[in-house]
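**Student:** Quick one: the structure is below, and I'll ask about it shortly.
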Amino acid sequence: MRKILVTGALGQIGTELVQALREHYGFDQVIASDIRMTAASSENGPHELLDCTELQKISDIVRRYDVGMIFHMAALLSAIAEEKPQIAWDVNMSGLYNVLEVAREHKCAVFFPSSIGAFGASTPRDKTPQITIQRPNTMYGVTKVAGELLCDYYAHRFGVDTRGARFPGLISYMAHPGGGTTDYAVEIFYSAIRYQHYTCFLEPDTCLDMMYMPDAIRAIIELMNANGALLEHRNAFNITAMSFTPEMLAAEIRKHIPDFIIEYEVDPVRQAIADTWPRSLDDSAAREEWGWQPEYDIETMTKDMIDRLGATLKAAR
């Protein structure tokens, strides 16, 4: 079996994806890579220091390990990308282009994560269709739309097996927030458990699509294992699990932490981004083409987050 490479392995998705892939395929089969290293980076399997803007380094790793599948998770997220748009373009687009070029040369399959950020103010915000207008007004969104199209191009022009999903906001008890507009839905749990208080940067009635990370990781693996002949949309599947507002999430948390208080200091930059994103997605194409089905809703996600994150924070004291 050819090996698997994960870029951005220390990021929000990559952290848990590497663990799941190693459990599924074996520790030595999955090469984790990131632009930085940690003390624990190489404890459970091979890890490479990799800047995805350097094509030759990607090619060297793919050749050395005989990589047959690349999960390209390295990117700047929405809020950080707005602060550093030039860097975001370089990292998000040059990185993807390099990965696709290496995949073309070495006949690798590629997973590329897109996002609800690929939509914009002119997109229908409720039950957003699989195929619809995409005119984002953020650099992050621009790179996601361009990335979807670039993956389509490499699939049609060069036969590269590219696949991807448009993720909603992702909630994780393992990875810290990474600069995204939906990160309040992770930060709120840390603050609720530690302080019984959270100051939210979005308005209380801001409804956005969300997903618990175990569902997201399972979706990635299931999509890459799906029968490619049955995939019509392949590079940008809408997938979703739940939609809620900060006030709704706070109410759910109070079922477990009754004294929890939420206040609001709205960040105009992130609020403006959120106001252009879908409140809910139509993910019927993913359900029909590869059997997508979420396992967590707001109730089960909240309970699991509080249980697992609470245990982690307690152990770290």
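Every residue, every condition in (1) within 22 Å of Glu247 (Cβ to Cβ); (2) acidic (Asp, Glu), yes or no:
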{"position": "Tyr264", "(1), (2)": "yes, no"}
{"position": "Glu289", "(1), (2)": "no, yes"}
{"position": "Glu299", "(1), (2)": "yes, yes"}
{"position": "Asp304", "(1), (2)": "yes, yes"}
{"position": "Ala311", "(1), (2)": "no, no"}
{"position": "Lys314", "(1), (2)": "no, no"}
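**Student:** Please identify the pairs in which a residue from region 259-278 that is buried (at least 20 other Cβ atoms within 10 Å of the Cβ) and β-branched (Val, Ile, Thr) has its Cβ atom under 8 Å from the Cβ atom of a residue that is modelled with pLDDT under 90 and part of a loop (DSSP other than H, G, I, E, B), counting only partners at least 6 apart or on another chain.
**Tutor:** Partner pairs satisfying both residue conditions: Ile273/Thr181.
**Student:** Looking at Asp28, is it within 19 Å of the chain's Cα centre (by Cα) and in contact (Cβ under 8 Å) with a residue 12 or more places away in the chain?
**Tutor:** Values: within 19 Å of the chain's Cα centre (by Cα): no; in contact (Cβ under 8 Å) with a residue 12 or more places away in the chain: yes.
So Asp28 does not fit the description; no.
**Student:** Which count do you get for residues in region 57-112 that are touching a Phe, Trp or Tyr at 6+ places or on another chain (Cβ under 6 Å) and within 24 Å of His233 (Cβ to Cβ)? So that I can check it myself, show each step before the final result.
**Tutor:** Of the residues in region 57-112, the ones touching a Phe, Trp or Tyr at 6+ places or on another chain (Cβ under 6 Å) are 71-72, 78, 81, 100, 104, 111.
When the remaining residues are screened for being within 24 Å of His233 (Cβ to Cβ), the result is 71-72, 78, 100, 104, 111.
Qualifying residue count for the region: 6.
**Student:** Report whether or not Ala229 is at pLDDT below 95, closer than 29 Å to Ala20 by Cβ, in the same structural domain as Gly117 (by TED's automatic domain parsing) and out of contact with any His (no Cβ under 8 Å at 6 or more places or on another chain). Let's see the steps before the verdict.
**Tutor:** On the way: at pLDDT below 95: yes; closer than 29 Å to Ala20 by Cβ: yes; in the same structural domain as Gly117 (by TED's automatic domain parsing): yes; out of contact with any His (no Cβ under 8 Å at 6 or more places or on another chain): yes.
Here the answer is yes, as Ala229 does meet what is asked.
**Student:** Kindly evaluate Ile253 against the criterion of being in a helix (DSSP H, G or I), buried (at least 21 other Cβ atoms within 10 Å of the Cβ) and in contact (Cβ under 8 Å) with a residue 12 or more places away in the chain.
**Tutor:** Values: in a helix (DSSP H, G or I): yes; buried (at least 21 other Cβ atoms within 10 Å of the Cβ): yes; in contact (Cβ under 8 Å) with a residue 12 or more places away in the chain: yes.
Yes: the conditions hold for Ile253.
**Student:** Tally the residues that are surrounded by 24 or more Cβ atoms within 10 Å (Cβ to Cβ) and under 15 Å from Asn225 (Cα atoms), restricting the search to region 1-20.
**Tutor:** 2
**Student:** With the checklist (1) outside any loop (DSSP other than H, G, I, E, B); (2) in contact (Cβ under 8 Å) with a residue 40 or more places away in the chain in hand, flag the one item Gly180 doesn't pass.
**Tutor:** (1)
The values are calculated or read from the model by the stated rules, or taken from the named source; none is laboratory data. Since the structure is predicted, the reported quantities are computational estimates derived from the model, not experimental observations. So basically every Cβ, Gly included, is an ideal-geometry build from the backbone, and we count neighbours across all protein chains shown.
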